[in-house]
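The values are calculated or read from the model by the stated rules, or taken from the named source; none is laboratory data. Worth saying up front: this structure is predicted, and the values here are computed from it rather than measured. Methodologically, a virtual Cβ is constructed for each residue, glycine included, from the backbone with ideal geometry; neighbour enumeration extends over all protein chains shown. For accessibility, only protein heavy atoms count, side chains too; no ligands or nucleic acids. Shrake-Rupley method; radii C 1.70, N 1.55, O 1.52, S 1.80 Å.
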Amino acid sequence: MTQGKSEVQTGNLKVPNFNNTEIAFRGKSKEDLNRAYWLFKIISSNFLTKVGPGLTNSAIKMGLPVIPLIKKTIFAQFCGGRR
């Protein structure tokens with residue numbers, strides 16, 4: 001972990017200090033961090049990112065309950081709200 005201020009002064013503008021991981025992740029639970037870790041690990045797989053969309057669309061067409069899984073993982077990680 002990098003210690004330091006939560007903001008850095010750049011001219012007249014204060015910007016977040018992205019080097020301070022303690023501040024960046026203090027609002028996340030261990031469960032949130034583990035979920036994010038595994039999601040990014042899966043996304044980094046070239047094979048899964050190539051076949052994933054087709055498999056997901058097929059699963060949705062077959063009526064499998066994948067939308068709640070998408071909302072709990074991908075949507076929760078990359079989108080701020082629910083609509």
Checklist outcome for this item: For segment 35-61, pairs from a residue that is more than 30 Å from Phe25 (Cβ to Cβ) to a residue that is modelled with pLDDT under 95 and open to solvent by less than 50 Å² (accessible area, probe 1.4 Å), with Cβ under 7 Å and 6 or more apart or across chains, are Ala59/Val66; Ile60/Val66
Next on the checklist: One residue is enough: does segment 1-23 have a residue meeting the conditions out of contact with any Leu (no Cβ under 6 Å at 6 or more places or on another chain), open to solvent by less than 80 Å² (accessible area, probe 1.4 Å) and modelled with pLDDT of 85 or more?
Outcome noted: no
Checklist entry - Does segment 29-58 hold any residues that are more than 12 Å from the chain's Cα centre (by Cα) and open to solvent by less than 100 Å² (accessible area, probe 1.4 Å), and which are they? => result Ser29, Ser44, Ser45, Leu48, Thr49, Val51, Gly52, Pro53, Gly54, Thr56, Asn57, Ser58
Next on the checklist: For the structure I just gave you, tell me whether Lys61 is of a type outside the set (A, V, I, L, M) and either in contact with a Leu (Cβ under 9 Å, 6 or more places away or on another chain) or surrounded by 11 or more Cβ atoms within 10 Å (Cβ to Cβ) (or both).
Outcome noted: no
